[in-house]
Amino acid sequence: MYAVCPKCQNYQEISAKQLQKKRGKVICSQCKNPFNPRTSLTDNPPKTIGAVDSRGIEPYAWQKPVNPHSKLWLTGCLLGALLLAYQVYYFKGYSLAQSAQIRPWLQTISAAINRPLPHYKNISEFTTIGSSFTPIENGNYRLQVSFINHANFSQTLPDLNLSLQNLHGGIIAQRTFTPKDYIGSNNSSPQLASNSTFDIDLLITLPDKNIGGYQVALQ
C-alpha cells in the first residue's frame with residue numbers, strides 16, 4: 001500500500017503492520033509533515049511518481065549540495081603545492097640539480113621560468129687522458145695534463161692536485177691548483193662542455209730537490 005502526503009504529494013510505501021504501529025499517523029519522509037495515511041491509502045503508486053514539484057520545499061542543511069571545488073579550496077591547494085615545491089628547492093635543490101637522472105627535467109623547468117640551475121660537477125665523470133712532468137731550463141719543470149668530461153652536461157672545471165715524490169716514493173711537495181691558477185683569474189666560472197677535453201700547461205719552479213716521481217689528481 002502507498003500513502004500520499006497531502007502537503008507535498010510525496011508518496012511512500014506503508015504496510016498494514018506499520019499502520020497499526022503508527023496508530024493512524026505517519027511523518028512524510030520528504031517534508032516531515034505528520035498526516036493520517038488512512039485518508040490517502042492506495043494499492044497503486046500515483047501516476048505522478050517522480051514528477052512531484054518540490055521547488056517550494058526548503059531543503060535541510062545536510063541536504064544542500066556542497067561544491068567541493070570552491071575557489072577558496074583550489075587557491076589553498078595551489079598555495080600549498082607552491083610552498084612544498086619551494087621547500088624542496090630550498091633544502092634539496094642543489095643535490096637534485098647534481099642528479100644525472102633528474103637534471104634534464106630541471107633544465108626544462110629552469111628554461112621555462114628563466115632561472116639558472118647550479119653548475120653541475122661530478123669528479124667521477126672527469127678522466128685524465130694524459131700527463132707529463134718534464135724538466136726544462138733553469139731548474140724549472142713543465143706540467144702538462146689533459147682530461148675529458150664524460151658527463152652529459154657541462155661541468156665546472158676541476159681543481160688539480162699535484163704531488164711530488166722523492167726517489168723513495170715519499171711526498172716532498174704538494175699543491176692544489178684551482179681553475180683560476182691554470183687558466184687565469186678572468187674566468188670566474190669556467191665550464192667544460194660534455195665530451196670535451198681540456199689541456200693544462202703549467203711552469204713549475206721548485207727548490208733544489210731531486211724529483212723521483214709525481215702524481216696528479218682531479219678534485
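The values are calculated or read from the model by the stated rules, or taken from the named source; none is laboratory data. These numbers were taken from a predicted model, which means no experiment stands behind them. Cβ: placed from backbone, ideal geometry, glycine included. Neighbour counts: every protein chain shown.
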Single condition residue 134 does not satisfy, out of (1) touching a Leu at 6+ places or on another chain (Cβ under 7 Å); (2) farther than 20 Å from residue 194 by Cβ: (1)
Matching residues in segment 94-110 (in a loop (DSSP other than H, G, I, E, B) and either over 13 Å from the mean Cα position of the chain (by Cα) or within 17 Å of residue 150 (Cα to Cα) (or both)) number 4
Answer with yes or no whether residue 112 is in the same structural domain as residue 92 (by TED's automatic domain parsing) and surrounded by fewer than 16 Cβ atoms within 10 Å (Cβ to Cβ). yes
Among the residues of segment 152-176, how many are under 18 Å from residue 127 (Cβ atoms) and touching a strand residue (DSSP E or B) at 6+ places or on another chain (Cβ under 8 Å)? 9
Give the residues of segment 111-144 that are assigned to a strand (DSSP E or B) and not polar (S, T, N, Q), sorted by residue number. 126, 129, 130, 133, 135, 141, 142, 143
Tally up the residues in segment 152-193 that are crowded, with 19+ Cβ neighbours inside 10 Å, without any contact (Cβ under 8 Å) to a residue 60 or more places away in the chain and closer than 16 Å to residue 129 by Cα, please. 4
Among the residues of segment 64-71, is there at least one that is touching a strand residue (DSSP E or B) at 6+ places or on another chain (Cβ under 8 Å), at pLDDT 70 or above and not in a strand (DSSP E or B)? no
Could you list, in sequence order, the residues of segment 157-179 that are assigned to a loop (DSSP other than H, G, I, E, B) and within 42 Å of the chain's Cα centre (by Cα)? 157, 158, 159, 178
Can you find a residue in segment 120-128 that is surrounded by 10 or more Cβ atoms within 10 Å (Cβ to Cβ) and under 19 Å from the mean Cα position of the chain (by Cα)? yes
Do you know which residues across segment 93-109 are over 24 Å from residue 218 (Cβ atoms) and exposed (fewer than 11 other Cβ atoms within 10 Å of the Cβ)? 108
Quick one: count up the residues across segment 181-209 that are under 37 Å from the mean Cα position of the chain (by Cα) and at pLDDT 90 or above. 8
